[in-house]
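Here the structure comes first, spelled out in C-alpha cells, and everything after it is commentary.
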Amino acid sequence: MTTRMLLLADTHVPKRAKRLPDAVLRAVDDADLVVHAGDWVDEATLDLLEARAAVLHGVFGNNDGEGLRARLPEVARFTVEDLEVAVVHETGPSLRREARMDEEYPGIDLLVFGHSHIPWDTLAPSGMRLLNPGSPTDRRRQPVCTLMWAIVDRAVVDLTLVPLP
C-alpha cells in the first residue's frame, strides 16, 4: 500500500494569511493523511482540516493559544505502514539538530517539525529522516511559501517540496 502524506506547518491563520490558500485545500482533499506541525493560530483552521482530511495528525506550536493546546498534543506519534512517525513544532537550533533529535526520539523513522518556516530534509545519524515543510502562508526569508508531500511505501520513497503562488 502507498500512502500520500501531506506535510504542513506554520499556517498562522489569520495573522499571516486570512485563510489557507486554495492549493493547500486541494492538497488536503487529495491526501491520504495530513500532518500539521503546529502554529495554526486559530481553531477554525484546525476545524477545517479535521473536516476535510481523511486522517489528520497535528500538534500545537508556540503561537497557539489555550484552545488549540487543549485539543492538540505537544508531540504526536503514529505509524504509517512500517514507518514510526513523530511530529513536534520546535526542535531548537539547527546546529546539532539531527543528533539531538536522535536522543529525544529513539525508534522514530520520520520526524516532522515546523517553527523555522524553512524547508528541511536531512538524515540523523540513526537514519531518522527530519522534514520541515516550510509554511504555506508565511515565507519569511524563503523565496516562496511551501508545503511538502511524502509518499510512503513502507518508507519515505518520494518527497516533493511544492512551491505555492
| Asp121 versus Arg96, label points 7 Å from Cα toward the beta carbon: distance in nm? | 2.8 nm
| task | Give the distance, in whole Å, between the Cα centre of segment 10-54 and the Cα centre of segment 85-143. | result | 19 Å
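Can you compute the FRET efficiency between Val157 and Lys15 using 1/(1 + (r/R0)^6), with r the Cβ-Cβ distance and R0 = 25 Å? Round to the nearest 0.05. Before the final figure, lay out the partial values.
On the way: r = 35 Å, r/R0 = 1.41.
E between Val157 and Lys15, to the nearest 0.05, is 0.10.
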| note | Shape descriptor, segment 1-59: equivalent ellipsoid semi-axes (Cα gyration tensor, sqrt 5λ, whole Å, largest first) stand at 19, 11, 10
| query | Roughly speaking, what % of Cα-Cα pairs in segment 3-164 are separated by over 25 Å, rounded to a whole number? | reply | 21 percent
| What are the semi-axes of the equivalent ellipsoid of segment 86-165, taken as the square roots of 5 times the eigenvalues of the Cα gyration tensor, listed largest first and rounded to whole Å? | 21, 16, 9
| note | Once Arg141 and Asp22 are pulled to full extension, the length gained, defined as 0.36 nm per residue separation minus their Cα-Cα distance, is 40.6 nm
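Throughout, read-outs are computed from the coordinates displayed, never taken from laboratory work. In this text, all values refer to a predicted model and were calculated from it rather than measured experimentally. Cβ atoms come from the backbone with ideal geometry, glycine included; neighbour counts cover every protein chain shown.
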